[in-house]
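Enquirer: If you scroll down you'll find the structure; I have some questions about it.
The values are calculated or read from the model by the stated rules, or taken from the named source; none is laboratory data. Every value quoted in this text rests on a predicted model; they were computed, and no experiment measured them. As a convention, Cβ positions derive from the backbone with ideal geometry for all residues, glycine included, and neighbour counts pool all protein chains shown. Side chains included, ligands, DNA and RNA excluded: accessible areas come from the protein's heavy atoms. Shrake-Rupley method; radii C 1.70, N 1.55, O 1.52, S 1.80 Å.
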Amino acid sequence: MNIPSLTVAEIQQGLQARSFSAAELAAEALRFAEAENPKTNAYLTFCPERALAAAARVDQALARGENPGLLAGVPVAVKDVIVTHGVRTTCGSRLLENYVPPYDATAVVRLERAGAVIIGKANCDEFAMGSSNENSAFGPVRNPHALDRVPGGSSGGSAAAVAQGTAVVALGSDTGGSIRQPASFCGVVGVTPTYGRVSRYGLTAFASSLDHIGPLARSVRDAALVLEAMAGRDEMDSTSADAPVPQYAAGLDGNVKGLKLGLPREYLKDVTSESGALIQRAIDTLKKLGCEVREISLPNTEYAIACYYVIATAEASSNLARYDGVRYTFRSRSSESLRDMYRHTRGEGFGAECKRRIMLGTYVLSSGYYEAYYRKAQKARSIITRDFSDAFTQVDAIVAPVSPFPAFKLGEKIDDPMAMYLSDIYTITGDLAGVPCMSVPCGRTADGLPVGMQILTRHFDEGRMFRLADAFERAGAAAG
Ligand code: GLN
(Lines give C-alpha, C1' and ligand atoms only; values in the text may rest on other atoms or scores of the structure.)
Protein backbone atom coordinates (compact mmCIF):
# COMPACT_ATOMS: atom_id res chain seq x y z
CA MET A 1 0.00 0.00 0.00
CA ASN A 2 1.68 3.15 -1.15
CA ILE A 3 -0.62 5.77 0.34
CA PRO A 4 0.88 8.81 -1.47
CA SER A 5 0.08 7.38 -4.89
CA LEU A 6 -3.31 5.79 -4.19
CA THR A 7 -6.41 6.99 -6.04
CA VAL A 8 -10.00 6.43 -5.04
CA ALA A 9 -10.38 3.91 -7.89
CA GLU A 10 -7.31 1.96 -6.77
CA ILE A 11 -8.65 1.81 -3.23
CA GLN A 12 -11.93 0.44 -4.50
CA GLN A 13 -10.16 -2.18 -6.59
CA GLY A 14 -7.92 -3.14 -3.69
CA LEU A 15 -10.87 -3.52 -1.33
CA GLN A 16 -12.94 -5.53 -3.80
CA ALA A 17 -9.98 -7.81 -4.60
CA ARG A 18 -9.35 -8.16 -0.86
CA SER A 19 -5.73 -7.04 -1.40
CA PHE A 20 -6.19 -5.04 1.80
CA SER A 21 -9.01 -4.29 4.19
CA ALA A 22 -10.32 -0.84 4.99
CA ALA A 23 -9.05 -1.33 8.56
CA GLU A 24 -5.52 -2.08 7.31
CA LEU A 25 -5.60 0.92 5.00
CA ALA A 26 -6.85 3.22 7.77
CA ALA A 27 -4.18 2.03 10.20
CA GLU A 28 -1.45 2.51 7.62
CA ALA A 29 -2.78 5.95 6.60
CA LEU A 30 -2.82 7.08 10.24
CA ARG A 31 0.66 5.76 10.89
CA PHE A 32 2.04 7.43 7.79
CA ALA A 33 0.28 10.77 8.40
CA GLU A 34 1.46 10.94 12.01
CA ALA A 35 5.02 10.14 10.98
CA GLU A 36 5.07 12.73 8.19
CA ASN A 37 3.27 15.51 10.04
CA PRO A 38 6.28 17.10 11.77
CA LYS A 39 7.64 18.10 8.33
CA THR A 40 4.65 20.24 7.37
CA ASN A 41 2.34 20.67 10.42
CA ALA A 42 -0.58 19.93 8.09
CA TYR A 43 -2.71 18.27 10.78
CA LEU A 44 -3.81 19.68 14.12
CA THR A 45 -5.59 16.58 15.38
CA PHE A 46 -5.73 12.92 14.42
CA CYS A 47 -8.86 10.89 15.10
CA PRO A 48 -7.82 7.22 15.04
CA GLU A 49 -10.92 5.95 16.86
CA ARG A 50 -13.26 7.58 14.44
CA ALA A 51 -11.17 6.46 11.46
CA LEU A 52 -11.01 2.84 12.57
CA ALA A 53 -14.75 2.75 13.31
CA ALA A 54 -15.49 4.10 9.81
CA ALA A 55 -13.12 1.54 8.28
CA ALA A 56 -14.77 -1.26 10.23
CA ARG A 57 -18.16 -0.26 8.81
CA VAL A 58 -16.71 -0.49 5.29
CA ASP A 59 -15.22 -3.93 5.95
CA GLN A 60 -18.53 -5.15 7.37
CA ALA A 61 -20.44 -3.88 4.33
CA LEU A 62 -17.94 -5.65 2.06
CA ALA A 63 -18.24 -8.87 4.04
CA ARG A 64 -22.03 -8.74 3.66
CA GLY A 65 -21.63 -8.23 -0.09
CA GLU A 66 -23.08 -4.71 0.10
CA ASN A 67 -21.93 -1.67 -1.82
CA PRO A 68 -19.57 0.09 0.61
CA GLY A 69 -20.02 3.52 -1.06
CA LEU A 70 -18.37 5.87 -3.55
CA LEU A 71 -15.52 6.70 -1.18
CA ALA A 72 -15.16 3.40 0.64
CA GLY A 73 -12.01 3.29 2.71
CA VAL A 74 -10.62 6.58 1.35
CA PRO A 75 -8.44 8.42 3.92
CA VAL A 76 -9.65 12.02 4.23
CA ALA A 77 -8.34 15.13 6.01
CA VAL A 78 -10.97 17.69 7.02
CA LYS A 79 -10.15 21.37 7.40
CA ASP A 80 -10.45 22.36 11.03
CA VAL A 81 -13.21 24.92 10.40
CA ILE A 82 -15.61 22.04 9.62
CA VAL A 83 -17.10 20.55 12.77
CA THR A 84 -16.72 16.91 13.72
CA HIS A 85 -18.75 15.34 16.51
CA GLY A 86 -16.46 14.35 19.37
CA VAL A 87 -13.30 15.43 17.54
CA ARG A 88 -11.67 18.72 18.55
CA THR A 89 -12.34 21.50 16.04
CA THR A 90 -10.16 24.57 16.62
CA CYS A 91 -10.68 26.75 13.52
CA GLY A 92 -6.95 27.46 13.92
CA SER A 93 -7.82 29.66 16.91
CA ARG A 94 -6.80 29.80 20.57
CA LEU A 95 -10.44 30.60 21.28
CA LEU A 96 -11.47 27.10 20.29
CA GLU A 97 -8.33 25.27 21.34
CA ASN A 98 -10.31 22.71 23.34
CA TYR A 99 -13.65 22.88 21.57
CA VAL A 100 -15.19 19.47 20.93
CA PRO A 101 -18.33 19.93 18.82
CA PRO A 102 -21.53 18.06 19.73
CA TYR A 103 -22.50 17.53 16.07
CA ASP A 104 -21.14 16.81 12.60
CA ALA A 105 -21.18 19.03 9.52
CA THR A 106 -23.48 17.70 6.81
CA ALA A 107 -20.53 17.33 4.42
CA VAL A 108 -18.78 15.11 6.95
CA VAL A 109 -21.90 12.99 7.53
CA ARG A 110 -22.30 12.48 3.79
CA LEU A 111 -18.66 11.57 3.20
CA GLU A 112 -18.76 8.98 5.97
CA ARG A 113 -22.03 7.64 4.63
CA ALA A 114 -20.18 7.13 1.34
CA GLY A 115 -17.55 5.09 3.19
CA ALA A 116 -14.87 7.76 3.66
CA VAL A 117 -12.43 7.41 6.56
CA ILE A 118 -11.65 10.74 8.24
CA ILE A 119 -8.17 10.45 9.72
CA GLY A 120 -7.65 13.96 11.05
CA LYS A 121 -8.31 17.68 11.09
CA ALA A 122 -6.22 19.94 8.88
CA ASN A 123 -4.46 23.11 9.99
CA CYS A 124 -5.73 26.40 8.55
CA ASP A 125 -5.62 30.14 8.98
CA GLU A 126 -7.58 31.30 12.00
CA PHE A 127 -11.28 31.22 11.09
CA ALA A 128 -10.17 30.76 7.45
CA MET A 129 -8.77 34.30 7.23
CA GLY A 130 -5.55 34.32 5.31
CA SER A 131 -3.71 33.32 2.18
CA SER A 132 -0.62 31.62 3.60
CA ASN A 133 -1.68 29.56 6.61
CA GLU A 134 0.57 31.75 8.74
CA ASN A 135 -2.42 33.02 10.72
CA SER A 136 -3.00 29.69 12.48
CA ALA A 137 -2.63 29.90 16.26
CA PHE A 138 -0.95 26.48 16.06
CA GLY A 139 1.92 27.41 13.78
CA PRO A 140 2.21 27.71 10.03
CA VAL A 141 2.02 24.84 7.56
CA ARG A 142 4.98 24.23 5.26
CA ASN A 143 4.62 23.58 1.55
CA PRO A 144 5.61 19.94 0.87
CA HIS A 145 7.29 21.01 -2.39
CA ALA A 146 9.53 23.58 -0.68
CA LEU A 147 9.56 23.52 3.12
CA ASP A 148 10.63 27.16 3.40
CA ARG A 149 7.53 28.28 1.53
CA VAL A 150 3.86 28.68 2.42
CA PRO A 151 1.31 26.13 1.22
CA GLY A 152 -1.18 28.95 0.53
CA GLY A 153 -4.24 29.51 2.60
CA SER A 154 -6.49 29.37 4.25
CA SER A 155 -6.94 25.64 3.51
CA GLY A 156 -3.15 25.19 3.66
CA GLY A 157 -3.22 22.05 5.81
CA SER A 158 -5.74 20.35 3.53
CA ALA A 159 -3.68 21.12 0.41
CA ALA A 160 -0.40 20.11 2.08
CA ALA A 161 -1.88 16.81 3.33
CA VAL A 162 -2.98 15.85 -0.17
CA ALA A 163 0.28 17.02 -1.76
CA GLN A 164 2.37 15.24 0.86
CA GLY A 165 0.33 12.12 0.26
CA THR A 166 -0.94 11.61 3.79
CA ALA A 167 -4.59 12.01 2.74
CA VAL A 168 -5.99 10.84 -0.58
CA VAL A 169 -8.52 13.68 -0.57
CA ALA A 170 -9.34 16.55 1.77
CA LEU A 171 -12.09 19.02 2.50
CA GLY A 172 -11.34 22.72 2.46
CA SER A 173 -13.39 25.87 2.57
CA ASP A 174 -13.30 28.82 0.21
CA THR A 175 -14.59 32.33 0.86
CA GLY A 176 -12.23 34.27 -1.36
CA GLY A 177 -9.87 31.66 -2.79
CA SER A 178 -8.94 29.45 0.13
CA ILE A 179 -9.32 26.17 -1.76
CA ARG A 180 -8.01 27.13 -5.21
CA GLN A 181 -5.00 29.18 -4.09
CA PRO A 182 -3.47 26.52 -1.78
CA ALA A 183 -4.32 23.85 -4.37
CA SER A 184 -2.36 25.86 -6.91
CA PHE A 185 0.57 26.42 -4.53
CA CYS A 186 0.73 22.72 -3.60
CA GLY A 187 0.15 21.23 -7.05
CA VAL A 188 -3.17 19.52 -6.32
CA VAL A 189 -6.73 19.84 -7.64
CA GLY A 190 -9.00 22.16 -5.64
CA VAL A 191 -12.68 22.77 -6.28
CA THR A 192 -15.01 25.56 -5.15
CA PRO A 193 -18.49 24.43 -6.17
CA THR A 194 -21.44 26.71 -6.96
CA TYR A 195 -22.57 28.64 -3.87
CA GLY A 196 -25.21 26.46 -2.22
CA ARG A 197 -24.13 23.23 -3.93
CA VAL A 198 -22.73 21.84 -0.68
CA SER A 199 -24.46 22.45 2.63
CA ARG A 200 -22.68 24.89 4.95
CA TYR A 201 -24.23 23.27 8.01
CA GLY A 202 -21.31 22.71 10.35
CA LEU A 203 -18.91 24.95 8.44
CA THR A 204 -17.84 27.58 10.96
CA ALA A 205 -19.14 30.83 9.51
CA PHE A 206 -16.63 33.40 8.25
CA ALA A 207 -18.58 35.36 5.59
CA SER A 208 -21.81 33.45 5.15
CA SER A 209 -22.75 34.78 1.71
CA LEU A 210 -19.36 33.71 0.35
CA ASP A 211 -18.48 30.53 2.25
CA HIS A 212 -18.18 27.24 0.37
CA ILE A 213 -17.00 23.73 1.28
CA GLY A 214 -15.12 21.92 -1.48
CA PRO A 215 -12.71 19.05 -2.16
CA LEU A 216 -8.95 18.92 -2.69
CA ALA A 217 -7.54 15.86 -4.40
CA ARG A 218 -4.65 14.55 -6.47
CA SER A 219 -6.85 14.04 -9.54
CA VAL A 220 -9.89 15.67 -11.07
CA ARG A 221 -11.76 12.38 -10.94
CA ASP A 222 -11.22 12.00 -7.20
CA ALA A 223 -12.35 15.58 -6.56
CA ALA A 224 -15.45 14.95 -8.68
CA LEU A 225 -16.30 11.86 -6.61
CA VAL A 226 -15.99 13.77 -3.35
CA LEU A 227 -18.28 16.52 -4.60
CA GLU A 228 -20.77 13.95 -5.85
CA ALA A 229 -20.85 12.33 -2.40
CA MET A 230 -21.48 15.52 -0.43
CA ALA A 231 -23.46 17.86 -2.73
CA GLY A 232 -27.20 18.44 -2.71
CA ARG A 233 -30.01 20.01 -0.73
CA ASP A 234 -29.81 19.81 3.04
CA GLU A 235 -32.68 20.78 5.32
CA MET A 236 -30.14 22.14 7.81
CA ASP A 237 -28.94 24.89 5.45
CA SER A 238 -31.68 26.97 3.87
CA THR A 239 -29.22 28.33 1.30
CA SER A 240 -28.33 24.86 0.03
CA ALA A 241 -29.64 24.39 -3.47
CA ASP A 242 -32.37 21.97 -4.42
CA ALA A 243 -30.73 21.12 -7.74
CA PRO A 244 -30.08 17.59 -8.97
CA VAL A 245 -26.50 16.39 -8.44
CA PRO A 246 -25.11 14.73 -11.58
CA GLN A 247 -22.75 11.77 -11.51
CA TYR A 248 -19.74 13.94 -12.23
CA ALA A 249 -17.16 11.20 -12.45
CA ALA A 250 -19.20 9.23 -14.99
CA GLY A 251 -19.19 12.28 -17.28
CA LEU A 252 -15.41 12.48 -17.57
CA ASP A 253 -15.15 11.28 -21.15
CA GLY A 254 -12.21 13.40 -22.30
CA ASN A 255 -14.29 15.04 -25.02
CA VAL A 256 -13.99 18.82 -24.99
CA LYS A 257 -13.98 19.42 -28.74
CA GLY A 258 -15.69 22.63 -29.75
CA LEU A 259 -15.90 24.04 -26.20
CA LYS A 260 -15.64 27.82 -26.27
CA LEU A 261 -13.26 29.15 -23.65
CA GLY A 262 -12.67 32.74 -22.59
CA LEU A 263 -9.41 34.12 -21.27
CA PRO A 264 -10.13 37.34 -19.33
CA ARG A 265 -7.60 39.99 -20.23
CA GLU A 266 -7.90 41.57 -16.77
CA TYR A 267 -6.45 38.38 -15.25
CA LEU A 268 -3.17 38.53 -17.10
CA LYS A 269 -1.97 41.96 -16.10
CA ASP A 270 -0.32 41.20 -12.76
CA VAL A 271 0.76 37.63 -13.29
CA THR A 272 4.50 36.86 -13.11
CA SER A 273 6.06 36.01 -16.46
CA GLU A 274 6.79 32.45 -15.42
CA SER A 275 3.26 31.71 -14.19
CA GLY A 276 1.89 33.50 -17.26
CA ALA A 277 3.98 31.32 -19.58
CA LEU A 278 2.66 28.16 -17.90
CA ILE A 279 -0.93 29.36 -18.33
CA GLN A 280 -0.19 30.13 -21.98
CA ARG A 281 1.18 26.63 -22.47
CA ALA A 282 -1.96 25.21 -20.85
CA ILE A 283 -4.10 27.23 -23.26
CA ASP A 284 -2.15 25.76 -26.18
CA THR A 285 -2.88 22.28 -24.84
CA LEU A 286 -6.59 23.10 -24.59
CA LYS A 287 -6.53 24.32 -28.19
CA LYS A 288 -4.92 21.05 -29.28
CA LEU A 289 -7.77 19.24 -27.56
CA GLY A 290 -10.17 21.07 -29.86
CA CYS A 291 -11.27 23.98 -27.65
CA GLU A 292 -11.68 27.43 -29.12
CA VAL A 293 -10.01 30.04 -26.93
CA ARG A 294 -10.72 33.75 -27.23
CA GLU A 295 -9.88 36.78 -25.15
CA ILE A 296 -12.79 38.16 -23.14
CA SER A 297 -13.23 41.00 -20.68
CA LEU A 298 -14.55 40.95 -17.11
CA PRO A 299 -14.40 44.73 -16.90
CA ASN A 300 -15.25 45.18 -13.23
CA THR A 301 -12.52 42.89 -11.91
CA GLU A 302 -10.61 45.85 -10.50
CA TYR A 303 -13.29 46.36 -7.83
CA ALA A 304 -13.21 42.77 -6.59
CA ILE A 305 -10.67 43.03 -3.79
CA ALA A 306 -12.16 46.18 -2.29
CA CYS A 307 -15.66 44.77 -2.62
CA TYR A 308 -14.64 41.48 -1.00
CA TYR A 309 -12.85 43.08 1.94
CA VAL A 310 -15.93 45.16 2.73
CA ILE A 311 -18.45 42.32 2.47
CA ALA A 312 -16.27 39.61 4.02
CA THR A 313 -15.19 41.73 6.98
CA ALA A 314 -18.74 42.96 7.60
CA GLU A 315 -20.08 39.43 7.72
CA ALA A 316 -17.09 38.21 9.74
CA SER A 317 -17.52 40.90 12.38
CA SER A 318 -21.06 39.72 12.90
CA ASN A 319 -20.27 35.98 12.77
CA LEU A 320 -17.35 36.23 15.18
CA ALA A 321 -19.43 38.07 17.79
CA ARG A 322 -20.42 34.69 19.22
CA TYR A 323 -16.95 34.04 20.66
CA ASP A 324 -17.57 35.86 23.89
CA GLY A 325 -16.12 33.64 26.60
CA VAL A 326 -19.58 32.44 27.61
CA ARG A 327 -20.24 30.02 24.81
CA TYR A 328 -17.46 27.78 23.52
CA THR A 329 -14.32 27.09 25.46
CA PHE A 330 -11.79 29.83 26.02
CA ARG A 331 -12.35 32.44 28.73
CA SER A 332 -9.79 34.97 29.91
CA ARG A 333 -8.86 34.52 33.57
CA SER A 334 -8.00 38.15 34.20
CA SER A 335 -11.40 39.79 34.47
CA GLU A 336 -13.30 41.44 37.28
CA SER A 337 -16.48 42.34 35.44
CA LEU A 338 -18.56 40.85 32.65
CA ARG A 339 -17.52 43.60 30.26
CA ASP A 340 -13.87 42.99 31.01
CA MET A 341 -14.39 39.28 30.56
CA TYR A 342 -15.71 39.83 27.01
CA ARG A 343 -12.94 42.26 26.22
CA HIS A 344 -10.10 40.17 27.59
CA THR A 345 -11.41 36.92 26.16
CA ARG A 346 -11.60 38.39 22.69
CA GLY A 347 -8.38 40.34 23.13
CA GLU A 348 -6.40 37.28 24.20
CA GLY A 349 -8.24 34.73 22.09
CA PHE A 350 -8.23 36.25 18.60
CA GLY A 351 -5.09 36.66 16.56
CA ALA A 352 -4.09 39.89 14.80
CA GLU A 353 -5.77 39.15 11.47
CA CYS A 354 -9.13 38.32 13.03
CA LYS A 355 -8.99 41.52 15.06
CA ARG A 356 -8.18 43.51 11.95
CA ARG A 357 -11.20 42.01 10.17
CA ILE A 358 -13.55 42.54 13.13
CA MET A 359 -12.54 46.18 13.35
CA LEU A 360 -12.89 46.76 9.61
CA GLY A 361 -16.22 44.96 9.52
CA THR A 362 -17.61 46.83 12.50
CA TYR A 363 -16.56 50.07 10.88
CA VAL A 364 -18.20 49.40 7.50
CA LEU A 365 -21.43 48.34 9.18
CA SER A 366 -21.61 51.26 11.59
CA SER A 367 -24.51 53.64 11.16
CA GLY A 368 -23.65 56.46 8.84
CA TYR A 369 -21.12 54.32 6.94
CA TYR A 370 -23.36 51.40 6.01
CA GLU A 371 -24.64 53.05 2.82
CA ALA A 372 -21.24 54.32 1.78
CA TYR A 373 -19.44 51.00 2.25
CA TYR A 374 -21.57 47.92 2.70
CA ARG A 375 -24.39 48.94 0.35
CA LYS A 376 -21.88 50.15 -2.21
CA ALA A 377 -19.95 46.88 -2.03
CA GLN A 378 -23.15 44.93 -2.61
CA LYS A 379 -23.71 46.98 -5.76
CA ALA A 380 -20.17 46.27 -6.90
CA ARG A 381 -20.80 42.59 -6.24
CA SER A 382 -23.82 42.72 -8.57
CA ILE A 383 -21.85 44.22 -11.43
CA ILE A 384 -19.03 41.71 -10.96
CA THR A 385 -21.61 38.92 -11.08
CA ARG A 386 -23.09 40.46 -14.23
CA ASP A 387 -19.63 40.42 -15.86
CA PHE A 388 -19.73 36.64 -15.49
CA SER A 389 -23.26 36.20 -16.82
CA ASP A 390 -22.37 38.38 -19.82
CA ALA A 391 -19.21 36.37 -20.45
CA PHE A 392 -21.12 33.10 -20.25
CA THR A 393 -23.38 34.21 -23.11
CA GLN A 394 -20.26 34.06 -25.31
CA VAL A 395 -18.20 31.21 -23.84
CA ASP A 396 -18.80 27.89 -22.10
CA ALA A 397 -15.99 28.25 -19.58
CA ILE A 398 -13.41 30.77 -18.44
CA VAL A 399 -9.75 29.86 -18.02
CA ALA A 400 -7.37 32.03 -16.00
CA PRO A 401 -4.48 31.97 -13.58
CA VAL A 402 -5.31 31.11 -9.95
CA SER A 403 -2.76 33.42 -8.37
CA PRO A 404 -0.42 36.08 -9.77
CA PHE A 405 2.59 34.23 -8.29
CA PRO A 406 3.57 30.76 -7.05
CA ALA A 407 4.13 29.85 -3.37
CA PHE A 408 6.06 32.58 -1.56
CA LYS A 409 8.50 32.24 1.33
CA LEU A 410 7.24 31.89 4.90
CA GLY A 411 7.32 35.35 6.46
CA GLU A 412 7.64 37.14 3.14
CA LYS A 413 4.24 38.87 3.18
CA ILE A 414 3.13 38.49 6.77
CA ASP A 415 3.81 42.12 7.70
CA ASP A 416 2.09 43.53 4.65
CA PRO A 417 -1.62 42.65 4.72
CA MET A 418 -2.30 44.47 1.46
CA ALA A 419 0.28 42.38 -0.42
CA MET A 420 -1.22 39.27 1.16
CA TYR A 421 -4.74 40.28 0.09
CA LEU A 422 -3.52 40.54 -3.52
CA SER A 423 -2.86 36.77 -3.54
CA ASP A 424 -6.57 36.33 -4.12
CA ILE A 425 -7.03 38.86 -6.88
CA TYR A 426 -8.11 36.18 -9.40
CA THR A 427 -10.04 33.92 -7.05
CA ILE A 428 -12.27 36.37 -5.18
CA THR A 429 -14.38 37.15 -8.24
CA GLY A 430 -15.63 33.56 -8.52
CA ASP A 431 -16.78 33.59 -4.89
CA LEU A 432 -18.48 36.96 -5.28
CA ALA A 433 -20.39 35.65 -8.32
CA GLY A 434 -21.03 32.27 -6.69
CA VAL A 435 -20.00 30.35 -9.83
CA PRO A 436 -18.17 27.02 -9.69
CA CYS A 437 -14.42 27.33 -10.09
CA MET A 438 -11.39 25.13 -9.60
CA SER A 439 -7.63 24.94 -9.80
CA VAL A 440 -5.95 22.20 -11.80
CA PRO A 441 -2.15 21.83 -11.84
CA CYS A 442 -0.60 23.12 -15.06
CA GLY A 443 3.14 22.83 -14.51
CA ARG A 444 6.04 23.99 -12.41
CA THR A 445 8.36 26.96 -12.34
CA ALA A 446 12.12 26.56 -12.84
CA ASP A 447 12.38 26.30 -9.02
CA GLY A 448 9.97 23.38 -9.03
CA LEU A 449 7.03 25.33 -7.62
CA PRO A 450 3.60 24.16 -8.77
CA VAL A 451 1.28 26.50 -10.68
CA GLY A 452 -2.44 25.98 -11.14
CA MET A 453 -4.83 26.99 -13.89
CA GLN A 454 -8.29 28.15 -12.92
CA ILE A 455 -11.46 27.03 -14.70
CA LEU A 456 -14.82 28.71 -14.06
CA THR A 457 -18.22 27.79 -15.49
CA ARG A 458 -21.89 28.81 -15.17
CA HIS A 459 -23.79 28.26 -11.93
CA PHE A 460 -24.35 24.52 -11.34
CA ASP A 461 -22.26 23.59 -14.38
CA GLU A 462 -19.60 21.73 -12.38
CA GLY A 463 -19.96 18.83 -14.81
CA ARG A 464 -18.48 20.78 -17.69
CA MET A 465 -15.77 22.25 -15.46
CA PHE A 466 -14.70 18.74 -14.40
CA ARG A 467 -14.81 17.45 -17.97
CA LEU A 468 -12.49 20.20 -19.15
CA ALA A 469 -10.12 19.84 -16.20
CA ASP A 470 -9.99 16.05 -16.59
CA ALA A 471 -9.28 16.27 -20.34
CA PHE A 472 -6.50 18.73 -19.59
CA GLU A 473 -5.09 16.53 -16.84
CA ARG A 474 -5.05 13.51 -19.17
CA ALA A 475 -3.33 15.52 -21.92
CA GLY A 476 -0.66 16.52 -19.39
CA ALA A 477 -0.19 12.93 -18.27
CA ALA A 478 0.06 11.83 -21.90
CA ALA A 479 2.71 14.49 -22.54
CA GLY A 480 4.62 13.23 -19.49
N1 GLN B 1 -7.40 34.97 1.61
C2 GLN B 1 -8.77 35.39 1.67
C3 GLN B 1 -9.04 36.01 3.01
O4 GLN B 1 -8.14 36.06 3.79
C5 GLN B 1 -9.67 34.23 1.41
C6 GLN B 1 -9.94 33.40 2.58
C7 GLN B 1 -10.88 32.28 2.31
O8 GLN B 1 -11.21 32.00 1.17
N9 GLN B 1 -11.35 31.66 3.37
O10 GLN B 1 -10.13 36.46 3.28
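Enquirer: How big is the shadow of the Cα convex hull of segment 275-369, averaged over all directions, in nm²?
Expert: The Cα convex hull of segment 275-369, projected and averaged over all directions, gives 10.8 nm².
Enquirer: How much mean residue ellipticity at 222 nm does the chain get from its helices, if each DSSP H run of length 4 or more adds -39500 (n - 2.57) and you divide by all residues, to the nearest 500 deg cm²/dmol? Mind showing how you got there, number by number?
Expert: Numbers: 15 runs with 185 residues, N = 480.
Theoretical 222 nm ellipticity from helices: -12000 deg cm²/dmol.
Enquirer: Estimate the FRET efficiency between Arg333 and Glu28 by the formula 1/(1 + (r/R0)^6), using the beta-carbon distance for r and 41 Å for R0, to the nearest 0.05.
Expert: Working: r = 43 Å, r/R0 = 1.04.
According to the calculation, E is roughly 0.45.
Enquirer: How are the C-alpha pair distances of segment 165-225 spread across 10 Å bins, as whole percents from the shortest bin up?
Expert: Reading the bins upward from 0: 25, 54, 21, 0.
Enquirer: While we're looking at this one, here's another question. Determine, for the chain, the count of lysine pairs separated by eight or more sequence positions (or lying on different chains) whose alpha-carbon distance falls under 21 Å.
Expert: So the count of such lysine pairs works out to 10.
Enquirer: Could I get the Rg over Rh figure for segment 45-107? Both from C-alpha atoms, Rh via Kirkwood, rounded to two places.
Expert: Rg/Rh: 1.06.
Enquirer: Let me ask another. What is the gain in length, in nm to one decimal, between Lys257 and Ser382 on full extension, counting 0.36 nm per residue of separation less the C-alpha to C-alpha distance?
Expert: Numbers: separation 125, 0.36 × 125 = 45.00 nm, distance 3.23 nm.
Taking 0.36 nm per residue and subtracting the Cα distance, the gain is 41.8 nm.
Enquirer: Give the ranking of His145, His85, His212 by solvent-accessible surface, highest area first, calculated with a 1.4 Å probe.
Expert: His85, His145, His212
Enquirer: Solvent-accessible area of Met236, probe 1.4 Å, all protein chains present, reported in Å² to the nearest ten, please.
Expert: Roughly 110 Å² of Met236 is accessible to a 1.4 Å probe.
Enquirer: Follow-up question, since we're still on this one. Could you order Tyr308, Tyr103, Tyr363 so the one with the most accessible surface comes first? Probe is 1.4 Å. Mind dumping the intermediate values first?
Expert: Numbers: Tyr308 10, Tyr103 80, Tyr363 100 Å².
Final ranking, largest accessible area leading: Tyr363, Tyr103, Tyr308.
Enquirer: Okay, moving on. Based only on Cα atoms, what mean projected area does the convex hull of segment 392-432 have, in nm²? Present the calculation step by step, with values, prior to reporting the outcome.
Expert: Values: hull surface 15.0 nm².
For segment 392-432, averaging the hull's shadow over all directions gives 3.8 nm².
Enquirer: Using protein chains only and a probe of 1.4 angstrom, how many square angstrom of Asp270 are accessible, to the nearest 10?
Expert: Its accessible surface works out to 90 Å², give or take rounding.
Enquirer: Stokes-Einstein D for the chain at 10 °C, 1.306 mPa s, Kirkwood Rh over Cα pairs, in µm²/s?
Expert: Numbers: Rh = 22.2 Å.
Result for D is 72 µm²/s.
Enquirer: Select from segment 325-401 those GluC sites (Glu not before Pro) which occupy a DSSP coil region and have at most 15 other Cβ atoms within 10 Å, ordered by residue number.
Expert: For GluC sites (Glu not before Pro) across segment 325-401 that sit outside H, G, I, E and B with at most 15 neighbouring Cβ atoms in 10 Å, the list reads Glu336.
Enquirer: For segment 138-244, which trypsin sites (Lys or Arg not before Pro) pass both filters: DSSP loop (anything but H, G, I, E, B) and at most 13 other C-beta atoms within 10 Å?
Expert: Working: sites: Arg142, Arg149, Arg180, Arg197, Arg200, Arg218, Arg221, Arg233; in loops: Arg142, Arg197, Arg200, Arg218, Arg233.
Of the trypsin sites (Lys or Arg not before Pro), not one in the loops of segment 138-244 has a Cβ with at most 13 other Cβ atoms within 10 Å.
Enquirer: Roughly speaking, what is the stretch gain from Ala372 to Ala479, that is 0.36 nm per residue apart minus the C-alpha to C-alpha distance, in nm to one decimal?
Expert: 33.3 nm
Enquirer: By its C-alpha gyration tensor, with a ≥ b ≥ c as the square roots of the eigenvalues, how is segment 63-191 shaped: rounded for a/c under 1.5, else prolate for a/b larger than b/c, else oblate?
Expert: Note, shape of segment 63-191 comes out oblate.
Enquirer: Could I ask something else about it? Calculate how many DSSP beta bridges within the chain are antiparallel, expressed in % of all such bridges and rounded to the nearest 5. Don't jump to the answer; show the numbers that get you there.
Expert: Details: 31 of 46 bridges.
Counting only bridges with both partners in the chain, antiparallel ones make up about 65 percent.
Enquirer: Quick check for you: which residues of segment 269-304 have the amide N under 14 Å from the point 7 Å beyond the Cα of Thr445 toward its beta carbon?
Expert: 271-279
Enquirer: Also, quick follow-up: Taking R0 as 22 Å, what's the FRET efficiency between Met359 and Asp270 from their Cβ-Cβ distance, rounded to 0.05? Mind showing how you got there, number by number?
Expert: Numbers: r = 28 Å, r/R0 = 1.26.
Efficiency, rounded to the nearest 0.05: 0.20.
Enquirer: Please report, largest first and rounded to whole Å, the three semi-axes of the ellipsoid equivalent to segment 1-109, where each semi-axis is the square root of five times an eigenvalue of the C-alpha gyration tensor.
Expert: Values: eigenvalues 142, 57, 22 Å².
Gyration-tensor ellipsoid for segment 1-109: 27, 17, 11 Å.
Enquirer: Run the 1.4 Å probe and let me know the accessible area of Asp340, rounded to the nearest 10 Å².
Expert: Roll a 1.4 Å probe over it and Asp340 shows about 40 Å².
Enquirer: In nm², what is the average projected area of the convex hull enclosing the Cα atoms of segment 360-480?
Expert: On the way: hull surface 39.8 nm².
Directional mean of the projected Cα hull area for segment 360-480 stands at 10.0 nm².
Enquirer: For Val293 and Leu147, what does the FRET efficiency come to when R0 = 25 Å and r is the distance between their Cβ atoms, rounded to the nearest 0.05? Don't skip to the answer; put the middle values down first.
Expert: On the way: r = 36 Å, r/R0 = 1.46.
Using R0 = 25 Å, I get an efficiency of 0.10.
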